[in-house]
1. Looking at the range 10-17, can you tell me whether even one residue there is within 17 Å of residue 126 (Cβ to Cβ), in contact (Cβ under 8 Å) with a residue 24 or more places away in the chain and either surrounded by fewer than 18 Cβ atoms within 10 Å (Cβ to Cβ) or in contact with a Cys (Cβ under 8 Å, 6 or more places away or on another chain) (or both)?
2. Yes or no: the range 63-83 includes at least one residue that is closer than 24 Å to residue 108 by Cα and of a type in the set (Ser, Thr, Tyr).
3. Among the residues that make up the range 99-116, is at least one of them in contact with a Pro (Cβ under 6 Å, 6 or more places away or on another chain) and in contact (Cβ under 8 Å) with a residue 60 or more places away in the chain?
4. Kindly evaluate residue 96 against the criterion of being out of contact with any His (no Cβ under 6 Å at 6 or more places or on another chain) and either of a type in the set (Ser, Thr, Tyr) or within 16 Å of residue 24 (Cα to Cα) (or both).
5. Can you name the condition, by its number, that residue 21 falls short on among (1) more than 12 Å from the chain's Cα centre (by Cα); (2) in a loop (DSSP other than H, G, I, E, B); (3) in contact (Cβ under 8 Å) with a residue 40 or more places away in the chain; (4) at negative phi?
6. Please pick out the residue among 115, 87 that is among the basic types (Lys, Arg), over 18 Å from residue 20 (Cα atoms) and surrounded by fewer than 15 Cβ atoms within 10 Å (Cβ to Cβ).
7. Quickly run through the range 24-57 and pick out the residues that are among the charged types (D, E, K, R) and free of Cβ contacts under 8 Å to residues at least 60 places away in the same chain.
8. Can you pull out every residue in the range 78-130 that is of a type in the set (Ser, Thr, Tyr) and within 23 Å of residue 47 (Cα to Cα)?
Amino acid sequence: MLKTGILHPQINSLLSRVRHTNTLVIADRGFPFWPQIETVDISLTDDIPTVLQVLEAIAANFIIGKAWMAEEFRAHNASAIQEAYVRLLPPSVPIVFEPHVDLKRRIPAAIGLIRTGDTTQYGNVVIESA
């Protein structure tokens, strides 16, 4: 029995299949469903869990080389929220901000998507393994 780290069996399985330069999506509760990729839905209620909580749990054992977010995220969220996302990523990890519609074009190439209960506007993040 696992005692630490990611305990969710589907998320463990998903993470174990991520290889060099593969991407993983951590999305909010309203993110569209993509039938062509595996989706692990862990949404419970509003903001439980959040994208940040999932990112923090994954970051401990996931070597992130790059991240993408919607540029609309910066326009719709307070600086404290924006800084919280940046703090969770190593300083060497570039965050590419692009239009939300372009971010969505990346999704079908991802290994999988983890859907949260997050209500942060445009708070979705695509992470690439290093």
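All of the numbers you see were taken from the coordinates with simple rules; none came from a lab. Predicted model, so just to flag it, every value in this text is computed and none were measured. No Cβ is skipped: glycine too gets one built from the backbone with ideal geometry, and neighbour counts run over all protein chains shown.
1. Yes: the range 10-17 contains one or more residues that are within 17 Å of residue 126 (Cβ to Cβ), in contact (Cβ under 8 Å) with a residue 24 or more places away in the chain and either surrounded by fewer than 18 Cβ atoms within 10 Å (Cβ to Cβ) or in contact with a Cys (Cβ under 8 Å, 6 or more places away or on another chain) (or both).
2. No, that holds for no residue.
3. Yes - at least one qualifying residue is present in the range 99-116.
4. Criteria met by residue 96.
5. (4)
6. Among 115, 87, only 87 is among the basic types (Lys, Arg), over 18 Å from residue 20 (Cα atoms) and surrounded by fewer than 15 Cβ atoms within 10 Å (Cβ to Cβ).
7. 56 - this is the single residue of the range 24-57 that is among the charged types (D, E, K, R) and free of Cβ contacts under 8 Å to residues at least 60 places away in the same chain.
8. Correct list: 79, 85, 116, 119, 120, 122.
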